[in-house]
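Notes for the one structure printed next.
The values are calculated or read from the model by the stated rules, or taken from the named source; none is laboratory data. Here the structure is a predicted model, which means the values were calculated and not measured. Glycine gets a Cβ as well: all are built from the backbone with ideal geometry, and neighbour counts include every protein chain shown.
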2 protein chains.
Amino acid sequence: MRFGLFGGAVAKRGDETADSQGYRKFIDLVVEAESLGFHSIFLVEHHFSGSGQVSSSLNLLSYLAARTSAIRLGTAVTVLPWHNPVLIAEQAATVDLLSGGRLDFGVGKGYRDIEFEGFRIPKEEGLPRYEESVDLIRKSWLSDERFDHDGRFWSFRNIVVEPPVVQKPHPPLWSAAGTDESIARVAKSGFNILLDHFATDARTRERLKVWRDACAETGRPLRAEELAVARGLTITRTEEEYEDAIRARVERSAKMAEDYGALPGLRRDAQPETFAVQDMSNPDSALIGTPDRIVERLQRLQSWGVEYVLILLPGGVETLREFSREIMPAFETQADAAQ
Amino acid sequence: MRFGLFGGAVAKRGDETADSQGYRKFIDLVVEAESLGFHSIFLVEHHFSGSGQVSSSLNLLSYLAARTSAIRLGTAVTVLPWHNPVLIAEQAATVDLLSGGRLDFGVGKGYRDIEFEGFRIPKEEGLPRYEESVDLIRKSWLSDERFDHDGRFWSFRNIVVEPPVVQKPHPPLWSAAGTDESIARVAKSGFNILLDHFATDARTRERLKVWRDACAETGRPLRAEELAVARGLTITRTEEEYEDAIRARVERSAKMAEDYGALPGLRRDAQPETFAVQDMSNPDSALIGTPDRIVERLQRLQSWGVEYVLILLPGGVETLREFSREIMPAFETQADAAQ
């Protein structure tokens, strides 16, 4: 089984010392995570949050490319409707080049009201802008020849996009998906898939079945490394710590839903295929508990075919050390152990 | 006197091995330049050139931020009309944060026909787009409060731009300028100024006077570090090498003019305030010759008030080593020597 990280640094306005420390601390954590055996870091990107979330994930990944040598560098996700597709293709290609082919490019259509409002993009344009951008980014990466583009939202004339990507034919594209319909769409698109950390294991199991069926239907071979499940992590040592962790998780999720509207896989209107706020009290959608209990949880996911779990960045690096020491060994393959 | 570098890496499509080597070689050169005493690297950014020029300079600077600790990291220039001004403000702020406040943000309105055509932006919109962007970038960096923007080309609603910049009030803005009029405009704007490597020393001297007069008129104190003059460099040891270097320079400039139309400070129609192609055979607009001769050239610039020269990146690092060894010591101040 393979473990990655999912999260970001924080740098709030008006708290300047904390700012660079927030990034510094995050960078040190990723550098250590690489040596602890983590396979990837997927960076969250948001704009105008006011809470200091990373807004320019490809720049932070470029920095990390220089500080690391093996860990894969991902976005989760770059919201394409905010970006000029050709500029973002250039930027992503540059990260791929600088990192020696370690970019995992996660993309999305956006969901936060505050971002749609900020960029003055009507929410209903999210999907068509996303679709146009995906086509154009792929073409930018693949075409050695100059080309034109005349789309609904963008047009370009006589362009060739440099630098070339290192990974061929192009860096893996990842997409988050929560509903059965969107999971099937991702399977057909050839993208890799990110499953969120809000869904319970039961719902995750359903999603895995939808993914397998859709891959079979479209003739896509099942590759375990092309599907990652995100999970929160809190290692607890006592019953009291356990109760606190559950409570903190519920409060955090409720606040996010309040601040940003619908979350992916978590909607207030509780559509049958998604997930409702009250279910956050169900602990089995996160890795909370003693190391033994977390190993069991992961083994259960593994028994359903999950071989790649993204751990939500915990507060400090100590949790990652504990995870590496007490949990990872249970999932070492013979190939890993031989290295 | 202070010396920086000006140039970029190369990664052409269809020549994949050379690509990453081109960036790798450039990165190693910058890392060594820092230890040789160079003060800055200003990165050129271009799009769709087909010759593999850097298209995403802020990503490359983010990488360099991790590999260096003192050298200043500049763009020369980021052409603002190609970019969403808020996204570029976020990206530049991120580089400033990651580098511990080493960003020099050079901006321009664009001049290459192939880029205006590629982005489908009418050339006459270059200046108004530039002006709107500059205002919006400054506001993005300066405002701790949410704000709206309703401009001719862009609108945003209820945004706050993160992360905060490290340099206060904001990273230095640099602008290239060639004509008397544009030099005076830069002096008034509060920007620092880049003078190009096409103009002869005589024309550069005139420009310096225009700068001084405009600063005086606008009440701006003259600070030597706010004006940089770019210069090509070829250290030659024999008369034959000298002749070859002059010839190569003329050919290179003619080709650039042919490929990209007018160059800044170099126009085919030879306006009185600019510079005509045939003058490229005048060697005194570049630092060509023996180390002694180059020292003399630089002393002449210094006698006119120039205290900051950007060296066009030569082919290899050996030239920088020679420059550091044989030329820099003649300009060491007592403060430098004491370090």
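Within region B:37-75, count every residue that is among the charged types (D, E, K, R) and at the interface with chain A (Cβ under 7 Å from one of its Cβ atoms).
Going through region B:37-75 one residue at a time, the tally reaches 1.
Of everything in region B:113-128 that's of a type in the set (D, E, K, R) and more than 12 Å from chain A (Cβ to nearest Cβ), which residue is surrounded by the fewest Cβ atoms within 10 Å (Cβ to Cβ)?
Checking each candidate, the answer is B:124.
Does residue A:284 satisfy the condition of being at pLDDT below 90, among the charged types (D, E, K, R) and surrounded by fewer than 20 Cβ atoms within 10 Å (Cβ to Cβ)?
Yes: the conditions hold for residue A:284.
Of all residues in region A:183-207, which are crowded, with 20+ Cβ neighbours inside 10 Å, in contact with a strand residue (DSSP E or B) (Cβ under 8 Å, 6 or more places away or on another chain) and of a type outside the set (Phe, Trp, Tyr)?
Scanning region A:183-207 gives A:183, A:186, A:187, A:192, A:193, A:194, A:195, A:196, A:197, A:204, A:207.
Quick one: residue A:55 ticks every box in (1) over 24 Å from residue B:143 (Cβ atoms); (2) buried (at least 22 other Cβ atoms within 10 Å of the Cβ) except a single one, so which number is it?
Status for residue A:55: all satisfied but (1).
Report, ordered by the first and then the second residue, all pairs with beta carbons closer than 7 Å, sequence separation of six or more or different chains, a first member in region B:213-224 that is in a loop (DSSP other than H, G, I, E, B), and a second member that is modelled with pLDDT of 95 or more.
Listed by first residue and then by second, the contacts come to B:220/B:187; B:222/B:212; B:222/B:215.
Can you tell me how many residues within region B:104-122 are touching a residue at least 12 places away in the same chain (Cβ under 8 Å), in a loop (DSSP other than H, G, I, E, B) and either within 18 Å of residue A:136 (Cβ to Cβ) or hydrophobic (A, V, I, L, M, F, W, C) (or both)?
1
Given the criterion out of contact with any strand residue (DSSP E or B) (no Cβ under 8 Å at 6 or more places or on another chain) and of a type outside the set (S, T, N, Q), identify the matching residue among B:174, B:154.
B:154 is the lone residue from the list that is out of contact with any strand residue (DSSP E or B) (no Cβ under 8 Å at 6 or more places or on another chain) and of a type outside the set (S, T, N, Q).
Going by the conditions given, is residue A:132 touching a residue at least 12 places away in the same chain (Cβ under 8 Å), in a loop (DSSP other than H, G, I, E, B) and not small (Gly, Ala, Ser)?
Criteria not met by residue A:132.
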